[in-house]
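The values are calculated or read from the model by the stated rules, or taken from the named source; none is laboratory data. Keep in mind that this is a model prediction, so the values were computed, not measured. Cβ sites come from the backbone with ideal geometry, for glycine too, and all protein chains shown count toward neighbours.
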Amino acid sequence: MPSKLTRDAPDYHNNLGNALKARGSLAEAEKSYNRSISLNSRNEDAYFNLGILLEEQGRLEEAKLSYQRSLRSSPKSFRAKLAMGNISVEMGDCQTGIKVFEGRHSRFVHPRAGP
């Protein structure tokens, strides 16, 4: 049986963030993703969604850190690896991007990226 989606559930705030982002309420979406993370510091989905939001706003350093946290929470996540590799290349760090794509990413997850 699926867990109940309540206002104190991390998934509630992550999904609310997605809806707010779709509506264009970016500041509120960011707060909602961060609330989800505060309720579950290993919430790969919220870190990933926050990374997308930040990247779309041109906040690349913050987005990269969020993707790193997503990857640390779920090291086998294809989408987190893809996002981390892509943002590394976008920021001019092609070597890291290549290593992430090749699966040698663990040493490139910044120590501050931990939950």
I'd like to know if the range 36-51 contains one or more residues that are of a type outside the set (S, T, N, Q), farther than 14 Å from Ser88 by Cα, more than 8 Å from the chain's Cα centre (by Cα) and crowded, with 19+ Cβ neighbours inside 10 Å. yes
The one condition in (1) surrounded by 13 or more Cβ atoms within 10 Å (Cβ to Cβ); (2) modelled with pLDDT of 95 or more; (3) more than 9 Å from the chain's Cα centre (by Cα) that Gly58 fails to fulfil: (1)
Within the group Ile87, Ile98, which residue is among the β-branched types (Val, Ile, Thr) and either surrounded by fewer than 16 Cβ atoms within 10 Å (Cβ to Cβ) or touching a strand residue (DSSP E or B) at 6+ places or on another chain (Cβ under 7 Å) (or both)? Ile98
Checked against (1) crowded, with 16+ Cβ neighbours inside 10 Å; (2) at pLDDT below 90; (3) closer than 27 Å to Asp11 by Cβ; (4) basic (Lys, Arg), Lys76 satisfies every condition except (1)
Do you know which residues across the range 15-31 are under 19 Å from Leu65 (Cβ atoms) and either touching a Ser or Thr at 6+ places or on another chain (Cβ under 9 Å) or modelled with pLDDT under 95 (or both)? Gly17, Lys21
Could you count how many residues in the range 15-73 are of a type in the set (Gly, Ala, Ser), free of Cβ contacts under 8 Å to residues at least 24 places away in the same chain, in a helix (DSSP H, G or I) and closer than 16 Å to Asn86 by Cα? 1
